[in-house]
Amino acid sequence: MNKDKITLCEDLADIMPPEYHELVETATYGKEGRGWKDIGSSKELIEQHSLCAGCPESIAFRYILASLPAPENTVFVGSTGCTSLVFPHVAVQNIHSLFGNQNAIASGLKRTLKRRFPDVEKDVVVLAGDGATVDIGLDMTMQSWFRQEKFTTICFDNELYANTGGQESGLMQKGFVAKMAPAGKNFDKVRLPEIAREAGCHYVAMLTVSKPNRVEKAIRNAIMVAREIGPTYIQLYTPCILEIGKQSMEGLDEMKDAESIGGRFVMKEYISDQAQELLDTIAAEEKAKKKAAKEKKTVSA
Amino acid sequence: MSQYQVKAGPEAFLPPAAASMGVILPNPGECHIEGRIAPEEEGYEYAARKFLEAKVPTIFPGPLVLWNWNENATKKAKAIRALADALPARLIPMADYRPKYPKIDAEAEINPNHPNLTIWHNKIDVCIFVGVHCHQANLALKIIRGGTDCFTMAMCAQAGHEDACLSFRDATVEKIEKLMAAVNKLKKEGVKSQAVPFKQIKMTSSGRVA
Ligand SMILES: Cc1ncc(C[n+]2csc(CCOP(=O)(O)OP(=O)(O)O)c2C)c(N)n1
Ligand code: SF4
């Protein structure tokens, strides 16, 4: 999808409800430097969501959608779980895949898009829960990394299977008791960020979604590196407030606790040398651009 | 076994998929009328008559003709507007497929997950879907047949819909224009539109203007 195509047919435009006019007029498609700061002031690419009230996955969705460098040229691949309930509300192309198959689907999709649109950079982004990414889909997840497929995998880590009522997942912490896992988990949380690094991901980040600027940076880095170099992985802590017995307003505190010193989700990043070089170049270019813009402003003033 | 007829409902809370009752899709150049395969030409006349006899004839344009994603979409939108003017018929968009609970403005939009709300609210007795992706059209057509007495039609760009009471296939701009020509021909022959007077809804980003 090209941003020029996100317009209405003139002959039927006047029967379209206001929200679609707004989407065409004030969404951030094609806007350079779009980011989380557009949330609340521009037409967002997600308005309603169908998650539990206060679920941190909802704010994670907002930050991710606001951070995409080119939403009009991005295709999401989702999988079954709480996240999949949100995709029908999202104004970005997306495909729902059979539970666990998301990275296999994304591999084929990315390769096909490359052939079909050789001159356009099409970003493919997988977004799935931890059950889909780390348990049932682990084979597909890792094989895509081994093969150096050029797309980003995002895992919403809520440390269990939330959508089916709270079963144990590989990313659950040791000893945790969930509604459908009453005996408590016997082994450690799978160290997927480290596995991702060893399996060939060039950019890996694990963080909570308590700080939008951090999420934005990680998403942008991951997408840029996936475009140019190879697979990237982001693991976001989006606690299931329903399962851990928190109120709607308590998700943020839970994430802040989890990322404080000694917590399970202290932010970490693994960046390959090649990826670091690319990120440095992008940062230098952005700096130069900003400087030039500033100079232009002072000259014209 | 007698042939199952795809009639206007209300049929049942869960009407059977017409395909499971032996209704087959038309071949190119054909249409189906209540499950019976017929030449396309017969379909135009039948659909035009149904529309003109209706109190609240309505066209439901879907995303494939509402969004300007290629030149053909623009042309189809033009043809649909002309058809609506010729009848006259209401234009109510199915702009996307989000399950919009409970906010849907049933007067101004239709949603595939609860299309019956729009049919009931506006008392729509004859409608046509055009530019709606097949799987969403199938869902909506079945729900409408299940819970309302609306006669449904589909101007499908693919192989047609068994679950509509009347379905064309391989929709093109020309086919929409042929339907309009059939309407104009009947009108010339003296068939009068029975539509209750209405005003087409108009909207901008700041809300409803008419
Ligand atoms: C092939 C297949 N197996 C099992 C299921 C049942 N199922 C639906 S959602 C779900 C759990 C999803 O858990 P996770 O990926 O962690 O996402 P969350 O709901 O926690 O966001 C399961 C097992 C399914 N839909 N498909
Ligand atoms: S079940 Fe948990 S993860 Fe799923 S929407 Fe509710 S709070 Fe969020």
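The values are calculated or read from the model by the stated rules, or taken from the named source; none is laboratory data. Here the structure is a predicted model, which is why all the values come from computation and not from measurement. Because the Cβ atoms are built from the backbone with ideal geometry, glycine has one as well, and the counts that use them run over all protein chains shown.
Can you say whether A:Lys296 is surrounded by 10 or more Cβ atoms within 10 Å (Cβ to Cβ), away from ligand 1 (no atom under 16 Å from the Cβ), over 25 Å from the mean Cα position of the chain (by Cα) and basic (Lys, Arg), as far as the supplied structure shows?
Spelling it out, A:Lys296 is indeed surrounded by 10 or more Cβ atoms within 10 Å (Cβ to Cβ), away from ligand 1 (no atom under 16 Å from the Cβ), over 25 Å from the mean Cα position of the chain (by Cα) and basic (Lys, Arg).
Residue check: is B:Ala164 within 25 Å of A:Pro88 (Cα to Cα), among the hydrophobic types (A, V, I, L, M, F, W, C) and in contact (Cβ under 8 Å) with a residue 40 or more places away in the chain?
Working: within 25 Å of A:Pro88 (Cα to Cα): yes; among the hydrophobic types (A, V, I, L, M, F, W, C): yes; in contact (Cβ under 8 Å) with a residue 40 or more places away in the chain: yes.
In short, yes.
Consider B:His133 against the criteria (1) surrounded by fewer than 20 Cβ atoms within 10 Å (Cβ to Cβ); (2) more than 24 Å from B:Lys78 (Cβ to Cβ): it satisfies all of them except one. Which criterion is unmet?
B:His133 satisfies all of (1) surrounded by fewer than 20 Cβ atoms within 10 Å (Cβ to Cβ); (2) more than 24 Å from B:Lys78 (Cβ to Cβ) except (2).
Could you tell me whether A:Ile105 is farther than 30 Å from A:Val24 by Cβ, at pLDDT 95 or above, assigned to a helix (DSSP H, G or I) and not small (Gly, Ala, Ser)? Reasoning before the result, please.
On the way: farther than 30 Å from A:Val24 by Cβ: no; at pLDDT 95 or above: yes; assigned to a helix (DSSP H, G or I): yes; not small (Gly, Ala, Ser): yes.
Spelling it out, it is not the case that A:Ile105 is farther than 30 Å from A:Val24 by Cβ, at pLDDT 95 or above, assigned to a helix (DSSP H, G or I) and not small (Gly, Ala, Ser).
Does segment B:170-210 hold any residues that are of a type in the set (Gly, Ala, Ser), within 14 Å of chain A (Cβ to nearest Cβ) and either more than 30 Å from A:Glu25 (Cα to Cα) or surrounded by 10 or more Cβ atoms within 10 Å (Cβ to Cβ) (or both), and which are they?
So the first thing to find is which residues in segment B:170-210 are of a type in the set (Gly, Ala, Ser), and the list is B:171, B:181-182, B:190, B:193, B:195, B:205-207, B:210.
With within 14 Å of chain A (Cβ to nearest Cβ) added as a condition, the list becomes B:205-207, B:210.
B:Ser205, the sole residue that qualifies.
Pairs needed: first member in segment B:58-79, facing another protein chain (nearest Cβ under 10 Å) and under 18 Å from B:Thr152 (Cβ atoms); second member anywhere, at pLDDT below 95 and surrounded by 18 or more Cβ atoms within 10 Å (Cβ to Cβ); C-beta distance under 6 Å; at least 6 residues apart or different chains.
none
May I ask you to list the residues in segment A:75-130 that are out of contact with any Pro (no Cβ under 8 Å at 6 or more places or on another chain), within 16 Å of ligand 2 (Cβ to nearest atom) and within 14 Å of chain B (Cβ to nearest Cβ)?
A:Ser84, A:Leu85, A:Val86, A:Phe87, A:His89, A:Val90
Going by the conditions given, is B:Asp85 out of contact with any Asp or Glu (no Cβ under 9 Å at 6 or more places or on another chain), free of Cβ contacts under 8 Å to residues at least 12 places away in the same chain and within 8 Å of chain A (Cβ to nearest Cβ)? Lay out the reasoning, then the answer.
Working: out of contact with any Asp or Glu (no Cβ under 9 Å at 6 or more places or on another chain): yes; free of Cβ contacts under 8 Å to residues at least 12 places away in the same chain: yes; within 8 Å of chain A (Cβ to nearest Cβ): no.
Against the criterion (out of contact with any Asp or Glu (no Cβ under 9 Å at 6 or more places or on another chain), free of Cβ contacts under 8 Å to residues at least 12 places away in the same chain and within 8 Å of chain A (Cβ to nearest Cβ)), B:Asp85 does not qualify.
In segment B:97-112, how many residues are within 16 Å of the chain's Cα centre (by Cα), more than 7 Å from chain A (Cβ to nearest Cβ) and more than 24 Å from B:Glu53 (Cβ to Cβ)?
2
Could you list all residues from segment A:1-50 that are farther than 23 Å from B:Tyr97 by Cβ, without any contact (Cβ under 8 Å) to a residue 24 or more places away in the chain, surrounded by fewer than 16 Cβ atoms within 10 Å (Cβ to Cβ) and of a type outside the set (D, E, K, R)?
Across segment A:1-50, the qualifying residues are A:Gly33, A:Gly40, A:Ser41.
For segment B:88-137, enumerate the residues that are free of Cβ contacts under 8 Å to residues at least 40 places away in the same chain, farther than 23 Å from B:Gln194 by Cα and polar (S, T, N, Q).
B:Asn111, B:Asn113
Could you check segment A:195-219 and list, in sequence order, the residues that are part of a helix (DSSP H, G or I) and either within 12 Å of A:Trp145 (Cα to Cα) or touching a strand residue (DSSP E or B) at 6+ places or on another chain (Cβ under 8 Å) (or both)? Quick ask: steps written out before the conclusion?
As a first pass, look at segment A:195-219 and keep what is part of a helix (DSSP H, G or I): A:195-199, A:212-219.
Correct list: A:Ile195, A:Ala196, A:Arg197, A:Glu198, A:Ala199, A:Arg214, A:Val215, A:Ala218, A:Ile219.
Could you tell me which residue of segment A:151-170 is nearest to ligand 2 (Cβ to nearest atom), considering only residues that are touching a residue at least 60 places away in the same chain (Cβ under 8 Å) and over 15 Å from the mean Cα position of the chain (by Cα)? Working first, answer last.
Our first condition is that a residue be touching a residue at least 60 places away in the same chain (Cβ under 8 Å); within segment A:151-170, this holds for A:151-163, A:166.
Applying the additional criterion that residues be over 15 Å from the mean Cα position of the chain (by Cα) yields A:159-163, A:166.
On the way: A:Glu159: 10, A:Leu160: 9, A:Tyr161: 10, A:Ala162: 4, A:Asn163: 6, A:Gly166: 8 Å.
Checking each candidate, the answer is A:Ala162.
Taking the condition of being more than 8 Å from chain B (Cβ to nearest Cβ), in contact with a Phe, Trp or Tyr (Cβ under 8 Å, 6 or more places away or on another chain) and not in a helix (DSSP H, G or I), how many residues in segment A:1-37 meet it?
Count: 0.
Can you find a residue that is surrounded by 12 or more Cβ atoms within 10 Å (Cβ to Cβ) and either within 16 Å of ligand 1 (Cβ to nearest atom) or at pLDDT 95 or above (or both) anywhere in segment A:282-292?
yes
In segment A:207-257, which residue that is within 16 Å of ligand 1 (Cβ to nearest atom) and among the aliphatic types (A, V, I, L, M) is nearest to the other protein chains (Cβ to nearest Cβ)?
Of everything passing the filter in segment A:207-257, A:Leu242 is nearest to the other protein chains (Cβ to nearest Cβ).
Quick test of your reading of the structure: A:Pro17 fulfils all but one of (1) farther than 30 Å from A:Thr133 by Cα; (2) within 16 Å of ligand 2 (Cβ to nearest atom); (3) not β-branched (Val, Ile, Thr). Name the failing condition by number.
Only one criterion in (1) farther than 30 Å from A:Thr133 by Cα; (2) within 16 Å of ligand 2 (Cβ to nearest atom); (3) not β-branched (Val, Ile, Thr) is unmet by A:Pro17, namely (2).
Run down A:Ala66, A:Ala60 and say which single residue is assigned to a helix (DSSP H, G or I), touching a Ser or Thr at 6+ places or on another chain (Cβ under 6 Å), modelled with pLDDT of 95 or more and among the small types (Gly, Ala, Ser). Outline the logic, then answer.
Numbers: A:Ala66 fails: touching a Ser or Thr at 6+ places or on another chain (Cβ under 6 Å).
None of the others qualify; the one that does is A:Ala60.
Just for segment A:131-186: of the residues that are closer than 30 Å to A:Thr112 by Cα and of a type in the set (Phe, Trp, Tyr), which one is farthest from ligand 1 (Cβ to nearest atom)?
Within segment A:131-186, the subset closer than 30 Å to A:Thr112 by Cα is A:131-157.
Subset that is of a type in the set (Phe, Trp, Tyr): A:145-146, A:151, A:156.
Details: A:Trp145: 18, A:Phe146: 21, A:Phe151: 18, A:Phe156: 6 Å.
Per the criteria, the residue is A:Phe146.
Specify which of the listed residues (A:Ala106, A:Ala53) is crowded, with 20+ Cβ neighbours inside 10 Å and touching a helix residue (DSSP H, G or I) at 6+ places or on another chain (Cβ under 8 Å). Give the derivation first.
Working: A:Ala53 fails: crowded, with 20+ Cβ neighbours inside 10 Å.
Within the list A:Ala106, A:Ala53, the selection yields A:Ala106.
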